[in-house]
Amino acid sequence: MDVSQYLEIFIDETKEHLQTLSDQLMILEQEPENMDTINEIFRAAHSLKGMAGTMGYKRMQRLTHDMENVFQEIRSGNMTVKPELVDVLFRGLDALEAYLANILESSDEGTEDNEEIINTLNGIADAATGKVKEEPVKPAAGTAKQSSVAKYDSIQVSDYEKNTFEKAKAQNENIFGITVYLQETCILKAARVFLVFKALEELGEVIKSVPDIQDIEDEKFDLDFSLVYFTKETMEKVKAAIENVSEVHEVIIGPFSFDDTSGPKADAEPKASMPKEPEPKPAAKPATAKPAAAQAATKPAAAKQANSKKQAKPAVGRTVRVDIEKLDVLMNLVSELIIAKNGLVSINSAESDVKNDAAAFNEQIEYLESVTTNLHESVMKVRMVPIESVVSRFPRMIRDLSKKLGKKMELHMTGEETELDRTVIDEIGDPLQHLLRNSADHGLEANDERIALGKEEVGNIYLDAYQDGNNVNIEVRDDGAGINIEKVKNKAIEKGTLTAEQADHMTDKEIIDLLFRPSFSTAEQVTDVSGRGVGLDVVKTKIEGLGGNIECKTVLGEGSSFIIRLPLTLAIIQALMVELGPEKYAIPLGSIETIEDVMVTDIKSVQTKEVINLRGTVIPLIRLDQILDIEAGGEDVDILTVVIVKKGDRLAGLVVDNLIGQQEIVIKSIGSYINCSKMIGGATILGDGEIALILEVNALV
Amino acid sequence: MEDIHGAHNFGIAEGKQYIVVCLGTEQYGIDIKYVDNIVRNQRITRVPKAQHYFKGVINLRGEIIPVMSLRLKFGLEPDEFTNATRIIIIKLEPQSAIGIIVDEVKEVVTLNGNSIDKASSSDPSDPLIQYLSGVGKHNDGLISLLNISAVIVGREGKDTV
């Protein structure tokens, strides 16, 4: 039977069932006696088994069958839920997710049998039901650390490349082979590699990489990659440059001898030690009660899944599930649009007096306006997806981290129903995961330390999402140690990022902002200071790419919080149109606090900067005409029109010549060729065809 | 009919078509395959803090297109907008268009390989040389053929005014 047409449905439903399984297993771990949960899991496993069977995925079917069996026994009261069982079930879940990832990629489930998980499951079931069969307990196998091999030795070199090498040698350039291992915890691998390349290209030239650049960009590699590199610098300097990049586990560097390619050795070598793809880790690891081992075994599956997510998905397209009601609303609005159009047509053709025409015309315009506004809103809503689809995997992640780090911690989530644009949802997962890991790993203190400090033993991590005007805020918070600003400051001075004098003048906020600097986020160094800064630069870049920003607040000893602010809609916004000399600009309404008339005599000067005192708050003034190089046309006036804007909790006053009014504008890009500053966020076309530029308040304040 | 068809094919196979534009007294040729459109001078909205040779952006049927002054890019006198001034809309990639201001658009010519010489200059440090792909001969006149991607994405060299 050809079942390929059902593939998409299968994938969708499998995802839902797996999520249910994951959620319910989390509950089961807390409440092993909860019969509802057990039933729910049984049903999900049963449905999965049936679906996998229909689609011909035998391995998936077998695994779910055995999971179902176990729950059958639990349901009938023959056995109880033990922590070991939950661990095994979680591993089974990971294996199922790996199958799904394979199916997504190639519509084939792959060849992994997961024999070991099945055996363990059956072992537990048998042991519990009386059949004496001792669960095999073996010492935890060594952690799945990769052996650090200088893999660059096996890079193959073509004749053409050999020529290049010889030329370089003639110019006294050093040719190095480099193998870089990333840390296992590294999330944005491609970004890290990019940073490594960037660092290297400052000192020399990367000639060849294995795997090649394209594969690296697509994250089609494990945790290591190898390079051939030309440089005039010394080996130590190059090595230091790479190690300066965060989350690099190890760098192996040595002279690269390209002569190897000649003669029989070249033929023999690639076969013998061509570890382009790391040898498949033996997933069938002996079952142990040790959570660490379980953790290690789940790793490859999780990593595989993360990889496949980045790749093109030939099997299925990108879809959004839309509530049928939303579609009905859309359909209604389109009919109304047609009615409005017909109304205009009839006015045009009807022969009546001019005065009546104008009134009817205006009426139709108003009608049209309300229809288009509603239509816009509805279309945006169709694109909106609740944030739940991203954050639902986090409880599981925190559970695993908790076991791995040996710290007790709990994740509290609120606002999962907050909706965001689909494109933002797709991108926000990794940065959030990064922040949560940071909180769990470095933010929270160890349990005994917490008790000593008089805090409750279990550490708390909060993930709160909520709407704030035109923005959605996502807050990752912990009640851990907080960031020690003094230590960050000292480290910055030590590293040469700052001089001691500079540091003395900086506010705490500015010091914290250092953590987001790429140069600062070298994992090891910061970990022994404050435990923060791992990969925050990457997080920041990603968030800013989505048009948002990130801010960090911290109180020493009480915890820290990272607040991500994201725009709700991407394409259409409400804006205030203002005039500056002969030019028109749009200021997004979402960032405007108030509009004030300010007497020139009320302007004070603080450190040569103009400020005003507005109802007790000192607000800096920004003369837009000066910043934007607008020719001063107007004569001096006594009263200035000042638009007060906010960025986070900071305010600033923008001096404008005239206010035009509020308007709904469509944001358009002004292209990549023109090299305008960050102050211009785009452009929009006004009703008369004229262009107005949109001011990016975040860059101005 | 057959003949016309054949001749047409012949033209494409044997040579490239160029749009000939004027900047002052000089003639420049732009490969026609990059040209999306030629429009009359429009109202240009200035973009603050942009590169000096970008005059701003225009609205072309709802699309916002940055406009570059070829004169300023080449370090010549600033443009004087006349009735003959045109903006040539170039599309290097489907998604991003860019406009180039020229004094005048003259004609379309077909040049084959024989009538194109390599661009050379008595002064090798001439900054303009990086923007040229060759020099075409047509009706006793010389046409400097622009390397359009270098003009658009190329960094300003020594040609800053």
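The values are calculated or read from the model by the stated rules, or taken from the named source; none is laboratory data. Remember, it's a predicted structure, so these values are computed and weren't measured experimentally. Glycine also receives a Cβ, built like all others from the backbone with ideal geometry; neighbour counts cover every protein chain displayed.
For residue A:44, indicate whether it is surrounded by 23 or more Cβ atoms within 10 Å (Cβ to Cβ), in a helix (DSSP H, G or I) and in contact with a Ser or Thr (Cβ under 6 Å, 6 or more places away or on another chain). The answer is yes for residue A:44. Scan region A:481-489 and give yes if some residue there is more than 21 Å from residue A:562 (Cβ to Cβ) and assigned by TED's automatic domain parsing to the domain that holds residue A:555, otherwise no. Scanning region A:481-489 turns up no residue that is more than 21 Å from residue A:562 (Cβ to Cβ) and assigned by TED's automatic domain parsing to the domain that holds residue A:555.
The numbered conditions (1) in contact with an Asp or Glu (Cβ under 8 Å, 6 or more places away or on another chain); (2) modelled with pLDDT under 85 are all true for residue A:387 except (2).
Within the set A:403, A:408, the sole residue that is of a type outside the set (Asp, Glu), modelled with pLDDT under 85, surrounded by 14 or more Cβ atoms within 10 Å (Cβ to Cβ) and under 30 Å from residue A:87 (Cβ atoms) turns out to be A:403.
On inspection, residue A:88 passes the criterion of being of a type in the set (Val, Ile, Thr), closer than 12 Å to residue A:121 by Cβ and out of contact with any His (no Cβ under 6 Å at 6 or more places or on another chain). Considering only residues of region A:673-696 that are in contact with a strand residue (DSSP E or B) (Cβ under 6 Å, 6 or more places away or on another chain) and of a type outside the set (A, V, I, L, M), which is modelled with the highest pLDDT? The residue in question is A:684.
Within region A:448-469, not a single residue is surrounded by 18 or more Cβ atoms within 10 Å (Cβ to Cβ), of a type in the set (S, T, N, Q) and either under 19 Å from the mean Cα position of the chain (by Cα) or at pLDDT below 85 (or both). Looking only at region A:47-73, residues that are surrounded by 15 or more Cβ atoms within 10 Å (Cβ to Cβ) and outside any helix (DSSP H, G or I) come to 1 in all. Of the helices (runs of 4 or more DSSP H) entirely within region A:406-524, those holding at least 2 residues that are within 22 Å of residue A:247 (Cα to Cα) occupy A:422-438, A:485-495, A:508-513. Taking the criterion of being assigned to a loop (DSSP other than H, G, I, E, B), in contact (Cβ under 8 Å) with a residue 40 or more places away in the chain and within 14 Å of chain B (Cβ to nearest Cβ), the residues of region A:633-673 that qualify are A:633, A:667. Selection over region B:49-61 of residues that are at the interface with chain A (Cβ under 7 Å from one of its Cβ atoms) and surrounded by 19 or more Cβ atoms within 10 Å (Cβ to Cβ) gives a count of 4. Look at (1) out of contact with any Leu (no Cβ under 8 Å at 6 or more places or on another chain); (2) in a helix (DSSP H, G or I) and you find that residue A:108 fails only one, number (2). May I ask you to list the residues in region A:613-631 that are away from chain B (no Cβ under 14 Å) and part of a loop (DSSP other than H, G, I, E, B)? Across region A:613-631, the qualifying residues are A:615, A:616. Just one of the numbered conditions (1) touching a Pro at 6+ places or on another chain (Cβ under 7 Å); (2) at pLDDT below 85 is not true of residue A:556: (1).
Looking across region A:674-701, just one residue is under 24 Å from residue A:564 (Cα atoms), of a type in the set (A, V, I, L, M), within 9 Å of another protein chain (Cβ to nearest Cβ) and not in a loop (DSSP other than H, G, I, E, B), and that is A:680.
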